[in-house]
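First comes the structure, then the notes that go with it.
The values are calculated or read from the model by the stated rules, or taken from the named source; none is laboratory data. What you see is a predicted model, and the numbers here were worked out from it, not measured in a lab. Because the Cβ atoms are built from the backbone with ideal geometry, glycine has one as well, and the counts that use them run over all protein chains shown. Note: accessible area is taken over every heavy atom of the protein model, side chains too, but ligands, DNA and RNA are not part of it. Shrake-Rupley method; radii C 1.70, N 1.55, O 1.52, S 1.80 Å.
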Amino acid sequence: MSEPVVDGRLWGKERGLARRYPLICHLLDTAAVAGVLWDRVLTDAARARLAGAVGLSEGQVRGLVSVWAGLHDVGKIIPAFQVMAREAYADLVSDPGYAHAAGVEKQRLDHDKATHWALTSLFEAWGYPGSRSVRRSAHHQVAQLLGGHHGCVHRALRNGEAYVPELGGPGWEAQRVAHAEAVRRLVGAGPEDMVRGPLPAQVAVVVLGLVVVADWLASQEAVITPRMPVEGWAADDAGLEAHWAQAVAVAGGWVAEVGLGVAEWPVKSFDEQFSFAGANALQASVAEGVPGLVEGPGLLLVTAPTGEGKTEAALHAASVMGRASGASGLFFALPTMATADAMHARVAEFAGLNVAGDRALTLLHSMAWLSEAYAEPGAGRVQGIW
């Protein structure tokens, strides 16, 4: 039996656009961005560590991450999502292939949850290993991971729950399969490129982060508008290959524009990193002891009264540990927006003197735009984001 042809009428993006953007186009854009993020945002050490953790080559894991990112929105191929564009939906369901139970389009099913539930059976069909325990089944775990791309991970389907009426009938499932197979074929990941067991936690966290960022970048109106297919565009092999080739060609520019990349940690002593002269006892202890202890990722806990120089000790230790672990950036966390605002200038000064490569200082709390220091053009900012 031949594979179903991708239906370009199924849409994925509409808000802020002149017309609806085909879902397959968004999936391919996201897959292309994920590949660039793998190449540019992860360090060599991080890529090697992730590949080793799942027993695959770095190229195989890159392909898997791209495919998975490209499948994050297959849950939009359900009646409840497509009906939000009513005229297009009426045209769609006039096709007998999209027959489904009456009233299903009125049943609420968020597309991220639909992605999770639909991909469970798809990954199983692709040969992802299962287990008596759902939590130990790779096809459930990866599907659940991708269903969490909006920040909420949904419960796994139990055995016997594979049929969910809200997912639509066989025609809807056939299109989810067609979209997934198209993404996998164009990315170049073969049937042999798959996980052989559940993802270790450290791999799952990174994969989900890459998928979320890839989706965010590929969802920007400024990204989609110039890539909108012409009227009459067909999602046939030629049309998909052309869209994919262009996505691969321009995805690097999207990533570069927002400054994503790898921060580097030049080797410097404590005294070379800061403008004041002389480390105190606490800082000297960290500077002397940490380099001989680190061999990779780890945790350093420094406890001391206020005013003892813990901030500088932590920043110096972060640079040493960052080099050892292959970390591509630094997250400086504080308990309140006010303390984050107050710390911004100190961290900005440290970054300007001690962080190389692709870098930027970004204040992440929701009221950052009100911070005078952060709002000033060039105030502590360096190119990129970390």
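From helices alone, the chain scores -15500 deg cm²/dmol at 222 nm; the rule is -39500 (n - 2.57) for each run of n ≥ 4 DSSP H residues, then divide by the residue total.
For a quick protection proxy, order the peptides 11-17, 116-122, 322-328 by their average other-Cβ count within 10 Å, most packed first. Could you put the intermediate results ahead of the total?
On the way: 11-17: 16.4, 116-122: 24.0, 322-328: 18.7.
Taking the mean over residues of other Cβ atoms within 10 Å, the ranking is 116-122, 322-328, 11-17.
The distance from the alpha carbon centre of the range 217-243 to that of the range 26-100 is 15 Å, rounded to a whole number.
Rolling a 1.4 angstrom probe over the chain with all protein chains present gives an accessible area of which 56% lies on carbon and sulfur atoms. For PHE350, the solvent-accessible surface with a 1.4 Å probe is about 10 Å², rounded to the nearest 10. Distance between the modelled labels on LEU364 and GLU241, one decimal in nanometres: 4.2 nm (7 Å Cα→Cβ projection). Taken per residue, the accessible surface of the range 139-266 reaches 46 Å², heavy atoms only and a 1.4 Å probe.
Given a Förster distance of 41 angstrom, what is the FRET efficiency for LEU334 paired with ASP95, based on the Cβ-Cβ distance and rounded to 0.05? Each step should come with its number before you reach the end.
Numbers: r = 55 Å, r/R0 = 1.34.
Efficiency, from the Cβ-Cβ distance: 0.15.
A 1.4 Å probe run over the range 9-115, with the rest of the protein chains in place, finds 39 Å² accessible per residue. Among the GluC sites (Glu not before Pro) within the range 64-163, those in coil by DSSP and having at most 14 neighbouring Cβ atoms inside 10 Å are GLU161. Ranking LYS106, LYS76 from most to least accessible surface, computed with a 1.4 Å probe over the protein chains only, gives LYS106, LYS76. When the residues GLU173, GLU166 are ordered by accessible surface, computed with a 1.4 Å probe over the protein chains alone, the sequence from largest down reads GLU173, GLU166.
Rounded, prolate or oblate, given the Cα gyration tensor of the range 76-234, with a/c below 1.5 counting as rounded? Please list the in-between numbers first.
Details: a/c = 1.71, a/b = 1.26, b/c = 1.36.
Judged from the Cα gyration tensor, the range 76-234 comes out oblate (a/c at least 1.5, b/c at or above a/b).
In the range 250-294, which chymotrypsin sites (Phe, Trp or Tyr not before Pro) fall in coil by DSSP and have 12 or fewer other Cβ atoms within 10 Å?
Values: sites: TRP254, PHE270, PHE274, PHE276; in loops: PHE274, PHE276.
Those that pass, being in a loop and sparsely packed, are PHE276.
Run the reach check for LYS310 against lysines, Cα to Cα strictly under 29 Å, same-chain hits fewer than 8 apart removed. What comes back? Qualifying lysines at Cα under 29 Å: LYS268. Under the shape rule built on the C-alpha gyration tensor, where the axes satisfy a ≥ b ≥ c, the range 50-161 is prolate, since a/c reaches at least 1.5 and a/b is greater than b/c. If the label point is 7 Å along Cα→Cβ of GLU372, which residues in the range 317-355 have backbone nitrogen under 20 Å from it? Once the point is set 7 Å along Cα→Cβ of GLU372, 337-349 turn out to lie under 20 Å by backbone N, inside the range 317-355. Assuming a ≥ b ≥ c are the square roots of the Cα gyration tensor eigenvalues, decide whether the chain counts as rounded (a/c under 1.5), prolate (otherwise, with a/b larger than b/c) or oblate. Verdict is prolate for the chain. The length gained on full extension between ALA48 and TRP233, counted as 0.36 nm times the residue separation minus their Cα-Cα distance, comes to 62.6 nm. Within the listed set ALA178, ALA304, ALA138, the Gaussian network model of the chain (springs between alpha-carbon atoms below 10 Å) gives the highest mean-square fluctuation for ALA304.
The modelled label-to-label distance for the pair SER131/ASP110, using points 7 Å beyond Cα in the direction of Cβ, is 2.6 nm. Quick one: if the Förster radius is 25 Å, what FRET efficiency do LYS310 and ARG40 give, using the C-beta to C-beta distance and rounding to 0.05? Approximately 0.15, to the nearest 0.05. TRP126 contributes about 30 Å² of solvent-accessible surface, heavy atoms of the protein only, 1.4 Å probe. Annotation for the range 221-286: GluC sites (Glu not before Pro) lying in DSSP loop with at most 10 further Cβ atoms inside 10 Å of their Cβ are GLU231.
Of CYS152, CYS25, which has the most accessible area with a 1.4 Å probe, and how do the rest follow in descending order? Mind dumping the intermediate values first?
Values: CYS152 70, CYS25 0 Å².
Sorted descending by solvent-accessible area, the residues read CYS152, CYS25.
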